[in-house]
Every structure is written in structure tokens, then in C-alpha cells.
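Have a look at the structure below before the remarks.
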Amino acid sequence: IRISSIEPTTIPLELFNQMNSNPKLCRHLHIPLQSGTDEVLKGMSRKYSMKEFNDFITLGELTVPGLCIGTDVIVGFPGETDELFEQTYSYLEASPIDYFHVFSYSERKMARSKKFELQVSKDVITQRSKRLRELSKRKKKLFLEENLSKTELVLFEQKKNGSWIGNTDNYIKVSVESDANLKNKLSRIELKKLSSDIVLGHFV
């Protein structure tokens, strides 16, 4: 059971204990942040503060060994000044978040934000998005490197270019070579080597 794209205010703290005791519950959370500043979150009408979000994911990191945390970020929301963007960047850089999906703000026909002042130019949005995607790539690589030499259960899903591809419960993509049919099977795999965004593994 993998929990993805769920608002932080709807997740009970007991979930972390369940992750440690229930092997069916994946050590992975994808929780949309959208912005790392209270000012922009308020403009988006988000129902949580940065402190609430940070307290929650920090508790998760401390409680669940190997927990992978992902998030979504919207770049260029009206009113996002250079200073506010840098605050978001600094927070994401220092936080226990392991990767993030970056979305560029775009106006929707009926969106209330169309009427906001301080609209951000497309060029600035592009530059900021590039920086965040590069940061996410570095953080994901660090997370993968920290998990090398560990042995994990991998659920294999497909065979590609002669290798079986699957994921650990904490969202590490793993590749192994095997002539057996591993589709929808769980196998214990030692995580040996990083190759781009995939970890090469060996059967244990």
C-alpha cells in the first residue's frame, strides 16, 4: 500500500508507527508542499503552515528508518518574489524531502490568482524551475546512495532490455538480471550500484 499525493493535514501521526509494524504499508509518502513560505501558501489558500508541514515530515524521518518523502512544488505563483523563492529553495535543500516534482504556475480561466498583483514572468519561472529540478536530482541521488549495500524487498513489474525492473517499498527503482519470470513477484535484493536513477541489485 503506497500513499501518494495526499494533503498533510489529512495524515494521522499514527501512520508512522503503522509503517514500522505493518509490512504491507510502504515507507513512502508523497505530500504536496507547493511552496516553502507561509506567504505564498496563504495566497494559494492552503490549510497548513510551513511549521506544521515541517514538523510532520521531520517526525516521519525520525520515526521511520529509510522513509522516502516526495513532494510537489509550484513555481511562479503570483507574489512569489525572488526572496520568497530563495526561501523555498533553501527549505527544500535542507529538509528531509528526497525528491520533488516541479510545476510551473499557469493561469486558469476562472482562477482567483489571475487577479493577483506581482505576476511572475515566464522566463523567471523557467529559470526557477530549472534550479529546483537540478536540486531534486541531487537530493534523489543522495537518497539512493545512502541506501546502497542494504537488502530490500523489491516488487518487480516489467522486463526491459533484458533486465527486470521493480521498486522497493521506499520507492527505489531496482534493476536485476534474471531469466526467470519475476512479474508481480517480491524478491530480496541487495542494492549494489547506482546507474543514473536506477539501482543495480543482486539476489540474496
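Summary table
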{"read-out": "Residue within the stretch 11-30 that is within 19 Å of the chain's Cα centre (by Cα), basic (Lys, Arg) and farther than 30 Å from PHE85 by Cβ present", "value": "yes"}
{"read-out": "Answer from THR63, THR71 - the residue that is within 26 Å of LYS150 (Cβ to Cβ), within 17 Å of the chain's Cα centre (by Cα) and of a type outside the set (Phe, Trp, Tyr)", "value": "THR71"}
{"read-out": "Test: residue in the stretch 161-172 that is free of Cβ contacts under 8 Å to residues at least 12 places away in the same chain and among the charged types (D, E, K, R)", "value": "no"}
{"read-out": "In the stretch 142-167, the residues that are part of a strand (DSSP E or B), open to solvent by 40 Å² or more (accessible area, probe 1.4 Å) and either of a type in the set (D, E, K, R) or more than 22 Å from ILE1 (Cβ to Cβ) (or both)", "value": "GLU157, LYS159, LYS160"}
{"read-out": "Residue satisfying condition, being open to solvent by less than 20 Å² (accessible area, probe 1.4 Å), modelled with pLDDT of 95 or more and in a loop (DSSP other than H, G, I, E, B), within set ASN181, ASN170", "value": "ASN170"}
{"read-out": "Test: residue in the stretch 186-195 that is polar (S, T, N, Q) and exposed (fewer than 12 other Cβ atoms within 10 Å of the Cβ)", "value": "yes"}
{"read-out": "Some residue of the stretch 110-117 being at pLDDT 95 or above and open to solvent by 10 Å² or more (accessible area, probe 1.4 Å)", "value": "no"}
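The values are calculated or read from the model by the stated rules, or taken from the named source; none is laboratory data. Small disclaimer: the values here were computed from a predicted structure and weren't measured. Because the Cβ atoms are built from the backbone with ideal geometry, glycine has one as well, and the counts that use them run over all protein chains shown. Protein only, heavy atoms only, side chains kept; ligands, DNA and RNA dropped before computing areas. Shrake-Rupley method; radii C 1.70, N 1.55, O 1.52, S 1.80 Å.
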